[in-house]
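Worksheet: one structure, shown below.
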Amino acid sequence: MINTRSWGIALAAAAAACVIVPNLLPPYWVYLAITAVVSSVIMQSYGVIVGRAGVMSLCQMSFAAIGAWVVLRLNLADAPGGFIVWLVIGGLAAVPVGVAIGLPALRIRGVNLAVVTFGFAVATDIVLNSNQFPGTSELKTLQRPSMFATNGGYFVLVVVVFMILAIGLALFNRTRLGMSWLEIRYSERAAAAHGISVARSKLAAFAISAFIAGIGGGLMAGQLGLVVSSNFAMGQSLALFAVAILIGPHNPEGAFMGGIFGAVMATILEKLKLPQDLGGILFGLSAIFALRSGVSQTDFTRARKREREARKLLESIKDKPEDAELPAAPLVPSPAPASGEPALSVRGLTVRYGEVVALDGIDLTVPSGGVVGLIGPNGAGKSTFIASVSGFIPGYEGTVELQGRSIDRLSPSVRASKGLRRTFQTTVIAPELTQYEYLAIGANRKLSKQEADELLEFFGCPPGDVPVSIVDVGSRRLLDVAAAIAAKPKVALLDEPAAGQSAAESLKLGRRLAEVPARFGVSILLVEHDMELVRAACAQVTVLDFGHVIASGSTQEVLDDPAVMAAYLGTADVPLV
């Protein structure tokens, strides 16, 4: 839910600004205030693509130029609808260009993508320098709506537009697509494992950021009446990108601060008779802070606030009596019924890396309603097996069937949406999210608070309102398991979920996993080194060694197999306990 108190304060501040700025400030400062808010609108586009999706885009001012060009062209043609309608059309005109620029982001990222987007900014700069904006040669300036014709009235309009976009983005960020941007920012593999289409999410981020930048360009045209190419120079894209990294415009206050810093800081310093070098010093200090902390200024401030609130929440429940322990599980869980279609069937799975055979003709079945273990020493091929079955290694040989249907040609995100979920040995979760939000992403369906609380309690996680940033590593792994189960897949592939757990916690997790098929209807393939956990959770076990199956069958029989003991300990004389 959106923090209504914070937004109430923001709306009150915006309303106060709409009264104070036009009526009490000199005309020059009103003009500067308009510049700051227009820049803040453009900074919101950086907030989407850079702050939320984590994409290095250096061409946002080019999208703003498209919006300005369309608005001025409609003004020159005396098109119906007026400025407000033209503003929306200008934003929409930038969308297909944003999608086209976003297409390379599906295959490249980081510095290489930054070069592509900067190349577009350079090309736009060349085009704009060669061609005047509409109305320039005719000297036909843009006519503002009569209600907002004065600078004071226009300031009110740009503030309203800024707040509408800010509230719209805040609501959109609560949707699955909006939250998927944070997952992509931190781990595209984890996002795909949750059934998120990375391509669709990236293109949506480019499209929405281009729309917002186009709106900003149209507002700039409304402020100036006529614009020139230097208003949208590629250098401005670079400067605003740097400001975005430092301040964090994906938060409304960050977008506003970025607009002030990027647009009017030099003038403010001049009017206050302070040296211009002070702006560079502030920028440098912010850069040092961002590099040291790894987060923007507003992210840091918000994180500290969330952590204080979460710690108060944890302290308030600390003295409550703990839930009763789970009933002791039998030493080996009862095997799943043999009848019915297997939940997961893998036959002849072979993975080669050049001359190296990582997996050689592996057969494995996970029965419906069962928990099957996959064990073996380091380097045996367990993680390669999970990566192949979940689609992250597409060039394998053999067949993978989910409830009798082949999924060999499907991408990881499609396999996840079909009912095959996985976790990773290294858990990467966006720290900005609460546990409720992360479960909502993983579930890929409408998840009630009651369901979420039940999952968190079952796996021993902290309360759902607690942000991920203060959750310990072991609890994060449990949260990752809970997110996989929340989707109610046909099969969950759990890769060492007990890492970071104590022996007692690991055994408790094993007992919980043994209950998952009956309680949540999810079959499990468990990769784990903790043999006590395997005994507590798994009815059947398959053992890999150097890419080959050396044993498969009931848990106790397999763990007592001399070949398995030799693979783990180098001897058959010591039992695995």
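The values are calculated or read from the model by the stated rules, or taken from the named source; none is laboratory data. What you see is a predicted model, and the numbers here were worked out from it, not measured in a lab. Here the Cβ is made from the backbone with ideal geometry for all residues, glycine too, and neighbour counts use every protein chain on show. We work out accessible area using only protein heavy atoms, side chains counted, and drop any ligands, DNA or RNA first. Shrake-Rupley method; radii C 1.70, N 1.55, O 1.52, S 1.80 Å.
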Look at region 221-250 and say how many of its residues are part of a helix (DSSP H, G or I) and open to solvent by 50 Å² or more (accessible area, probe 1.4 Å). 7
When region 1-56 is examined, which residues are found to be free of Cβ contacts under 8 Å to residues at least 60 places away in the same chain and among the hydroxyl-bearing types (Ser, Thr, Tyr)? 4, 6, 28
Could you pull out the residue among 387, 380, 358, 336 that is farther than 18 Å from residue 514 by Cα, at pLDDT below 90 and either surrounded by 13 or more Cβ atoms within 10 Å (Cβ to Cβ) or hydroxyl-bearing (Ser, Thr, Tyr) (or both)? 380
Considering 66, 34, 42, which residue is open to solvent by 10 Å² or more (accessible area, probe 1.4 Å), more than 19 Å from residue 175 (Cα to Cα), part of a helix (DSSP H, G or I) and among the aliphatic types (A, V, I, L, M)? 66
Of all residues in region 128-144 being farther than 14 Å from residue 64 by Cα and modelled with pLDDT of 90 or more, the one that is surrounded by the fewest Cβ atoms within 10 Å (Cβ to Cβ): 144
Condition first: in a helix (DSSP H, G or I) and modelled with pLDDT of 90 or more. Now tell me which residues in region 450-469 satisfy that. 450, 451, 452, 453, 454, 455, 456, 457, 458
Can you report the number of residues in region 529-548 which are touching an Asp or Glu at 6+ places or on another chain (Cβ under 8 Å) and under 18 Å from residue 362 (Cα atoms)? 3
Positions within region 45-63 being under 20 Å from residue 256 (Cα atoms), open to solvent by 10 Å² or more (accessible area, probe 1.4 Å) and part of a loop (DSSP other than H, G, I, E, B), in sequence order: 54, 58
Looking only at region 361-370, count how many residues are open to solvent by less than 70 Å² (accessible area, probe 1.4 Å) and closer than 18 Å to residue 387 by Cβ. 4
On the given criteria, is residue 416 at pLDDT below 90 and open to solvent by less than 10 Å² (accessible area, probe 1.4 Å)? no
Matching residues in region 82-95 - criterion: being touching a helix residue (DSSP H, G or I) at 6+ places or on another chain (Cβ under 9 Å) and in contact (Cβ under 8 Å) with a residue 60 or more places away in the chain: 83, 84, 86, 87, 88, 90, 91, 92, 93, 94, 95
When residues of region 477-510 are filtered for being surrounded by fewer than 19 Cβ atoms within 10 Å (Cβ to Cβ) and assigned to a helix (DSSP H, G or I), how many remain? 3
Would you check if residue 72 is at pLDDT below 90 and either part of a helix (DSSP H, G or I) or in contact with a Lys or Arg (Cβ under 6 Å, 6 or more places away or on another chain) (or both)? no
Condition first: among the hydroxyl-bearing types (Ser, Thr, Tyr) and not in a helix (DSSP H, G or I). Now tell me which residues in region 140-161 satisfy that. 141, 150
Looking at this structure, is residue 261 modelled with pLDDT of 70 or more, of a type in the set (A, V, I, L, M, F, W, C) and buried (at least 18 other Cβ atoms within 10 Å of the Cβ)? yes
Just to be sure I understand the filter: pairs with C-beta atoms under 8 Å, separated by 6 or more residues or on different chains, first member in region 515-536 and more than 10 Å from residue 490 (Cα to Cα), second member of a type in the set (S, T, N, Q) and open to solvent by 20 Å² or more (accessible area, probe 1.4 Å). Which pairs pass? 527/383; 535/556
Every residue from region 98-122 that is among the small types (Gly, Ala, Ser) and either in contact with a strand residue (DSSP E or B) (Cβ under 6 Å, 6 or more places away or on another chain) or free of Cβ contacts under 8 Å to residues at least 40 places away in the same chain (or both): 100, 119
Within region 394-409, tally of residues that are surrounded by fewer than 18 Cβ atoms within 10 Å (Cβ to Cβ) and of a type in the set (A, V, I, L, M): 0
With the structure loaded, tell me whether residue 153 is open to solvent by less than 10 Å² (accessible area, probe 1.4 Å), out of contact with any strand residue (DSSP E or B) (no Cβ under 8 Å at 6 or more places or on another chain) and either small (Gly, Ala, Ser) or under 24 Å from residue 53 (Cβ atoms) (or both) or whether it fails that test. no
Could you tell me how many of the residues in region 524-545 are surrounded by fewer than 24 Cβ atoms within 10 Å (Cβ to Cβ), touching a helix residue (DSSP H, G or I) at 6+ places or on another chain (Cβ under 7 Å) and closer than 16 Å to residue 496 by Cα? 5
Within region 394-415, is there a residue that is part of a strand (DSSP E or B) and closer than 28 Å to residue 468 by Cα? no
Among the candidates 164, 184, single out the residue that is assigned to a helix (DSSP H, G or I), open to solvent by 30 Å² or more (accessible area, probe 1.4 Å), under 22 Å from residue 254 (Cα atoms) and out of contact with any strand residue (DSSP E or B) (no Cβ under 8 Å at 6 or more places or on another chain). 164
Residues in region 101-127 that are loosely packed, with under 15 Cβ neighbours inside 10 Å and either in contact with a Cys (Cβ under 7 Å, 6 or more places away or on another chain) or not in a helix (DSSP H, G or I) (or both): how many? 3
Could you identify the single residue in 203, 169 that is part of a helix (DSSP H, G or I) and closer than 20 Å to residue 120 by Cβ? 203
